[in-house]
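All remarks here apply to the structure that follows.
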Amino acid sequence: MCSVIHTATRFSAAFLCSQSSRKSTSLFSAAFIHLRKMVHYLTEQRGRPNSTDYRVYLKNSDQKYISPFHDIPLYIADEQECGVPPKKFKTNEILFNMVVEVPRWSNAKMEIATKEPLNPIKQDIKKGKLRYVANVFPHKGYIWNYGALPQTWEDPNHTDKDTMCCGDNDPIDVCEIGSKVCVTGQVIQVKVLGILALIDEGETDWKVIAINVEDPDASSLNSIEDVRKIKPGHLEATVDWFKKYKVPDGKPENQFAFNGQFKDKDFAIEVIKSTHSYWKALVMREKMKGDEIVCQNTSLCESPFKCTDAEASAVVEAAAEYGEPLPVSSEVDKWHFFTN
């Protein structure tokens, strides 16, 4: 059962419900706490990568701990505050913040921990073991920078009118198709191009297709059809990846709504807006019954579940100290072959 938990700074009513890069350890700081500066955010690693206690916490530019689920605006417009509609930029595009959970080509299933204080990014665990996605030939790990849009939520109590399935109880997922390999915890600005409706074990699990605005191809990619022209085969590979990635675990192939066809940008943005509204409803509920959250104020910026900076710091300080990565099983690099 889900329950209430505190997170830091504004928009911080939280819902309870990695692989660190497998590079040489020389890439890691000798310090126990490792900070990596982003454009507007910092990441702080705790625990040992490739272990169950590994966490990536986020800080804002004031070095205050924040929740990547609740405290990063969905829309990147600097002027946007609580409840103010998003602004359009000179390109006539509405741009979004994306939290990168899994760097392209890596295998560890890293995700925002919606059940933990401050919602750090951690590696998913199943049956007591760290989860790694299998390499289903010809795909190596995740074939995009994979992550989520903050301040969105796929409501498990809402049946989608198009898919006829309920949401998966997580922020909406994003596949960023740019050429740059990002890092876990990086916050990038993306342009939405389309969306795929995955039905994952009976749940609606939307997959937004987007491009980093700093990518060299960003100006040329403005629709899902542009992806077909400029990156031929990428969309087909995406469908194939999501269809088969659980097969090595003994599960059947995943299914899709719309016969596996991608919907266009306008459709995708409407889905994102919908999940944003469900997130707002989540943090604004007045009573707690079952998986509902107490939130009595009328302004999202005045959530009663906002915690102090000291309380947020105490959460991180209680986590394991940063250490050297643990070795990864050779099974992670195994190739799996299946007939079409």
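Numbers for the structure displayed
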| item | result |
| --- | --- |
| Count - residues of segment 199-243 that are touching an Asp or Glu at 6+ places or on another chain (Cβ under 6 Å) and open to solvent by less than 30 Å² (accessible area, probe 1.4 Å) | 6 |
| From Thr339, Thr308, Thr298, residue being closer than 30 Å to Val136 by Cα and at pLDDT below 95 | Thr339 |
| Segment 121-146: number of residues that are farther than 15 Å from Val332 by Cα, assigned to a strand (DSSP E or B) and open to solvent by less than 20 Å² (accessible area, probe 1.4 Å) | 2 |
| Selection within segment 163-209 - under 15 Å from Tyr278 (Cβ atoms), part of a loop (DSSP other than H, G, I, E, B) and of a type in the set (Asp, Glu) | Asp168, Asp170 |
| Tabulated pairs, segment 64-77, first buried (at least 22 other Cβ atoms within 10 Å of the Cβ), second modelled with pLDDT under 95 and of a type in the set (Phe, Trp, Tyr), C-beta under 7 angstrom, 6+ apart or interchain | His70/Phe11; Asp71/Phe11 |
| Filtered residues of segment 70-102 (kept if at pLDDT 50 or above and within 14 Å of Ser277 (Cα to Cα)) | His70, Pro73, Leu74, Tyr75, Pro86 |
| Single match in Pro156, Pro150 (criterion: in a loop (DSSP other than H, G, I, E, B) and buried (at least 21 other Cβ atoms within 10 Å of the Cβ)) | Pro150 |
| Segment 258-276 residues that are closer than 15 Å to Ile172 by Cβ, paired with ones that are surrounded by fewer than 18 Cβ atoms within 10 Å (Cβ to Cβ) (beta carbon under 6 Å, 6 or more apart) | Lys265/Ser223 |
| Of residues in segment 107-120 being under 14 Å from the mean Cα position of the chain (by Cα) and within 23 Å of Ile211 (Cα to Cα), the one surrounded by the most Cβ atoms within 10 Å (Cβ to Cβ) | Ala108 |
| Filtered residue count, segment 237-274, keeping only those that are over 27 Å from Tyr132 (Cα atoms) and in a helix (DSSP H, G or I) | 12 |
| Tally, over segment 188-207, of residues that are closer than 20 Å to Asn119 by Cβ and at pLDDT below 95 | 0 |
| Segment 50-80, subset among the β-branched types (Val, Ile, Thr) and part of a loop (DSSP other than H, G, I, E, B), residue farthest from Pro103 (Cα to Cα) | Ile76 |
| Subset of segment 307-324 [open to solvent by 50 Å² or more (accessible area, probe 1.4 Å), more than 12 Å from Glu44 (Cα to Cα) and not aliphatic (A, V, I, L, M)] | Thr308, Asp309, Glu311, Glu324 |
| Residues satisfying the stated conditions in segment 210-236, i.e. assigned to a strand (DSSP E or B) and not hydrophobic (A, V, I, L, M, F, W, C) | Asn212 |
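Every residue, every condition in (1) in contact with a Ser or Thr (Cβ under 9 Å, 6 or more places away or on another chain); (2) modelled with pLDDT of 95 or more; (3) of a type outside the set (Val, Ile, Thr), yes or no:
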| position | (1), (2), (3) |
| --- | --- |
| His139 | no, yes, yes |
| Ile143 | yes, yes, no |
| Thr152 | yes, yes, no |
| Asp168 | yes, yes, yes |
| Gly178 | no, yes, yes |
| Gln186 | yes, yes, yes |
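The values are calculated or read from the model by the stated rules, or taken from the named source; none is laboratory data. Being a predicted model, the structure only gives us computed values, none of them experimental. Neighbour counts are summed over all protein chains in view; Cβ atoms, including those assigned to glycine, are modelled from backbone coordinates with ideal geometry. For accessibility, only protein heavy atoms count, side chains too; no ligands or nucleic acids. Shrake-Rupley method; radii C 1.70, N 1.55, O 1.52, S 1.80 Å.
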